[in-house]
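One structure is given here, and the rest of the page talks about it.
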Amino acid sequence: MSVANQIQSDWNLAIKKTMKPKFIDRSEQIQIVFDSRGNEYFFKPETEDETTFRVHRPDGINCTVYKKGFKKRWVNKNYVLPKLKW
């Protein structure tokens, strides 16, 4: 292999490693939300509007909360929420 081909091959490999995948399979995952204290809640995406959404707390209570205080992340479907931190 010539030097030019090796450089091109190394360059292509480096670009491939730095690019994020275009599609992430989330069929086996669900979204949860967490607040500033680290409490986690199941997220109900179908109830989301401009400022609020509905969550299911680990103690069994469903409630509507403001989006501003929460961040989302993906977890596996069999994820178990930890107890609330007060």
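Let's see if you can work this out: charge +1 on each Lys and Arg Cβ, -1 on each Asp and Glu Cβ, no other charges. What is the dipole magnitude of the chain about its Cα centre, in debye to the nearest 20?
220 debye
First measure r as the distance between the Cβ atoms of residue 67 and residue 12, then evaluate 1/(1 + (r/R0)^6) with R0 = 41 Å and state the FRET efficiency to the nearest 0.05.
0.50
Over the residues of the chain, compute the C-alpha Rg and express it relative to 2.2 N^0.38 Å.
It is 1.73.
Tell me which residues come under 5 Å, amide H to amide H, from residue 52 once H is placed; ignore anything under 5 positions away on its chain.
For residue 52, the qualifying residues are 67.
Pop out the carbon and sulfur fraction of the accessible area of the chain as a percent, whole number, probe 1.4 Å.
Taking all protein chains in place, the chain shows 55 percent carbon and sulfur surface.
Please give the calculated 222 nm ellipticity per residue for the chain, where each DSSP H segment of at least 4 residues contributes -39500 (n - 2.57) and the sum is spread over every residue; nearest 500 deg cm²/dmol?
-6000 deg cm²/dmol
Between the helical axis of 3-18 and the dominant principal axis of the chain, each derived from Cα atoms, what acute angle in degrees is found, rounded to the nearest 10?
0 degrees
In Å², and per residue, what accessible area does the chain have when probed at 1.4 Å with the other protein chains present?
Per residue, the chain has 82 Å² of solvent-accessible surface.
Can you tell me the length gained on complete extension of the stretch residue 20 to residue 51, counting 0.36 nm per residue apart and subtracting the Cα distance?
Residue separation times 0.36 nm, minus the Cα-Cα distance, leaves 8.1 nm.
The values are calculated or read from the model by the stated rules, or taken from the named source; none is laboratory data. All values reported here derive from a predicted model rather than from experimental measurement. Methodologically, a virtual Cβ is constructed for each residue, glycine included, from the backbone with ideal geometry; neighbour enumeration extends over all protein chains shown. We work out accessible area using only protein heavy atoms, side chains counted, and drop any ligands, DNA or RNA first. Shrake-Rupley method; radii C 1.70, N 1.55, O 1.52, S 1.80 Å.
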